[in-house]
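Engineer: Starting off with a structure, shown below.
The values are calculated or read from the model by the stated rules, or taken from the named source; none is laboratory data. Being a predicted model, the structure only gives us computed values, none of them experimental. Ideal geometry is used to build each Cβ from the backbone, glycine not excepted, and the neighbour counts take in all protein chains shown.
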Amino acid sequence: MKKMHIELTVNGQPMETLAEPRELLVHVLRERLGLTGTHIGCETSHCGVCTVDMNGKSVKSCTVFAAQANGATITTIEGIAGADGMHILQSSFREHHGLQCGYCTPGMITRAWRLLQENPSPTEEEVRFGMAGNLCRCTGYQNIVKAILHAASEMSAKEAAE
């Protein structure tokens, strides 16, 4: 099959690659661009481990063709941390035991990152609803919700201090 030229801005960096039009974004990110933080899970959009931020929205990259992403701005788990280290969300997941095996964690954090941009002060119910498309088979979600609420509080405090 003939490959097409794909241009993306990924984690703030312009990138180009060749991909088959039917190739999924998750495979382009991992195999062509070497960004292996985005995991492959169910490949049916049910689990959310492949969640990335595309043009300001959370998307499951196993449901997006590379051709559909051409020209898009994408943030993966690798792009969430700043140059000075971990993002508050990443630290909060660690501190509040929001992960066990860690397989779903990149998708969880990437989705939570967008959720907190859309709603900087969510309630527990809003976090649970906002994260409903991302599944975890290990944690029981209590600590994930705690981590996100804690991160929201820390991010608000940091913003108020600036």
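Engineer: Does His39 satisfy the criteria of being assigned to a loop (DSSP other than H, G, I, E, B), surrounded by fewer than 22 Cβ atoms within 10 Å (Cβ to Cβ) and not assigned by TED's automatic domain parsing to the domain that holds Leu115? Reasoning before the result, please.
Structural biologist: On the way: assigned to a loop (DSSP other than H, G, I, E, B): yes; surrounded by fewer than 22 Cβ atoms within 10 Å (Cβ to Cβ): yes; not assigned by TED's automatic domain parsing to the domain that holds Leu115: yes.
For His39, the condition - assigned to a loop (DSSP other than H, G, I, E, B), surrounded by fewer than 22 Cβ atoms within 10 Å (Cβ to Cβ) and not assigned by TED's automatic domain parsing to the domain that holds Leu115 - is met.
Engineer: I'm trying to understand the selection: among the residues of segment 5-62, which are more than 23 Å from Tyr141 (Cβ to Cβ) and of a type in the set (Ser, Thr, Tyr)?
Structural biologist: Just the residues of segment 5-62 that are more than 23 Å from Tyr141 (Cβ to Cβ), to begin with: 5-36, 54-56.
Within segment 5-62, Thr9, Thr17, Thr36 meet the criteria.
Engineer: Name the one entry in Gly12, Gly34 that is within 13 Å of Thr76 (Cα to Cα), free of Cβ contacts under 8 Å to residues at least 24 places away in the same chain and among the small types (Gly, Ala, Ser).
Structural biologist: Gly34 is the lone residue from the list that is within 13 Å of Thr76 (Cα to Cα), free of Cβ contacts under 8 Å to residues at least 24 places away in the same chain and among the small types (Gly, Ala, Ser).
Engineer: Condition check: surrounded by 18 or more Cβ atoms within 10 Å (Cβ to Cβ) and assigned to a helix (DSSP H, G or I). Does Arg30 satisfy that?
Structural biologist: Details: surrounded by 18 or more Cβ atoms within 10 Å (Cβ to Cβ): yes; assigned to a helix (DSSP H, G or I): yes.
In short, yes.
Residues checked against (1) out of contact with any strand residue (DSSP E or B) (no Cβ under 8 Å at 6 or more places or on another chain); (2) buried (at least 16 other Cβ atoms within 10 Å of the Cβ):
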position	(1), (2)
Thr73	no, no
Met86	yes, no
Asn119	yes, no
Gly130	yes, yes
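Engineer: Of the residues that sit in segment 88-117 and are part of a loop (DSSP other than H, G, I, E, B), within 16 Å of the chain's Cα centre (by Cα) and not hydrophobic (A, V, I, L, M, F, W, C), which one is surrounded by the most Cβ atoms within 10 Å (Cβ to Cβ)? Quick ask: steps written out before the conclusion?
Structural biologist: Within segment 88-117, the subset part of a loop (DSSP other than H, G, I, E, B) is 96-104.
Those still in the list that are within 16 Å of the chain's Cα centre (by Cα) too: 98-99, 102-104.
Add one more test, that the residue is not hydrophobic (A, V, I, L, M, F, W, C), and what stays is 98, 102-103.
On the way: Gly98: 26, Gly102: 11, Tyr103: 17.
In this case the residue turns out to be Gly98.
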